[in-house]
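This report refers to the structure that appears directly beneath it.
Values quoted throughout were computed directly from the atomic coordinates according to the rules given, and no laboratory measurement underlies them. Here the structure is a predicted model, which means the values were calculated and not measured. Cβ coordinates were reconstructed from backbone atoms using ideal geometry, including for glycine residues, and neighbour counts include every protein chain displayed.
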Amino acid sequence: MTKIYYDTEFHEQGPDSPIDLISIGMVTEHGSELYAVSSEFDQNAVRANPWLVENVWPSLPTYKHPKGVRCACGPGHLDRAHPDVRSRPQIARMVQRFITAVPDPVLVAYYGSYDHVVLAQLWGRMADMPEGVPMWTWDIRQEMHCLGVDELPRQEEGQHNALADARHNKVMDDYLTGVRLRRGL
Ligand SMILES: [Mg+2]
Ligand SMILES: [Zn+2]
């Protein structure tokens, strides 16, 4: 088994519109990493969401429009020329390669239900998920519940950057593994 910790940032508006991938970060238990920002998310919708502007937008590759240009963009524009910014099909291929490069991958996220759907929808429907990509995600939050653990190590920095969050998922999961071992589970 090889654990792959991941996190996504996304924009969602309830059941009548898709969960829109903004960014994804993945880290294997051996330290390989992947990070990508979608070129396709609805920038206007994200800029109109104060929580996303405050928490997610600052770590995305963006630029402000040139001085003198009239533009209502506020926090700026996504920098589509930045190497981290890729189309959804490109991200889907990268993620598939990343996951299938390790033996017996297990996907691990924190409060991972939405993350799993955002990941799965890179390929369309559930039935479209490619061979070798797990159809479920291990949830650190569920493991906390099972072990009766109330507190996990705090993330010092980078919250809501998908890669920083994915790295911290490993920190939290390592902590829970320690709890399990101490209890002989
Ligand atoms: Mg996150
Ligand atoms: Zn602008």
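Look at H82 and say whether it is assigned to a loop (DSSP other than H, G, I, E, B), within 14 Å of the chain's Cα centre (by Cα), in contact (Cβ under 8 Å) with a residue 40 or more places away in the chain and closer than 18 Å to F41 by Cα. Answer is no for this residue. Of the listed requirements (1) surrounded by 14 or more Cβ atoms within 10 Å (Cβ to Cβ); (2) of a type in the set (S, T, N, Q); (3) under 16 Å from D20 (Cβ atoms), N44 misses just one: (1).
Taking the criterion of being more than 16 Å from ligand 1 (Cβ to nearest atom) and either closer than 21 Å to R167 by Cβ or not in a loop (DSSP other than H, G, I, E, B) (or both), the residues of segment 96-116 that qualify are Q96, R97, F98, I99, T100, A101, V102, P105, V106. Quick check, is L60 within 16 Å of ligand 1 (Cβ to nearest atom) and either within 18 Å of V118 (Cβ to Cβ) or under 18 Å from the mean Cα position of the chain (by Cα) (or both)? Against the criterion (within 16 Å of ligand 1 (Cβ to nearest atom) and either within 18 Å of V118 (Cβ to Cβ) or under 18 Å from the mean Cα position of the chain (by Cα) (or both)), L60 qualifies.
Cβ-Cβ contacts under 8 Å between residues 6 or more apart (or on different chains), taken from a first residue in segment 157-175 that is without any contact (Cβ under 8 Å) to a residue 60 or more places away in the chain to a second residue that is aliphatic (A, V, I, L, M) and more than 12 Å from ligand 1 (Cβ to nearest atom), are listed as Y175/L152. In a residue-by-residue description of segment 164-182, the property of being among the aromatic types (F, W, Y), more than 16 Å from ligand 1 (Cβ to nearest atom), out of contact with any helix residue (DSSP H, G or I) (no Cβ under 8 Å at 6 or more places or on another chain) and closer than 28 Å to L52 by Cα applies to no position. Out of E131, E143, report the one residue that is crowded, with 17+ Cβ neighbours inside 10 Å and either over 19 Å from I22 (Cβ atoms) or free of Cβ contacts under 8 Å to residues at least 60 places away in the same chain (or both). One residue alone meets the criteria, E143.
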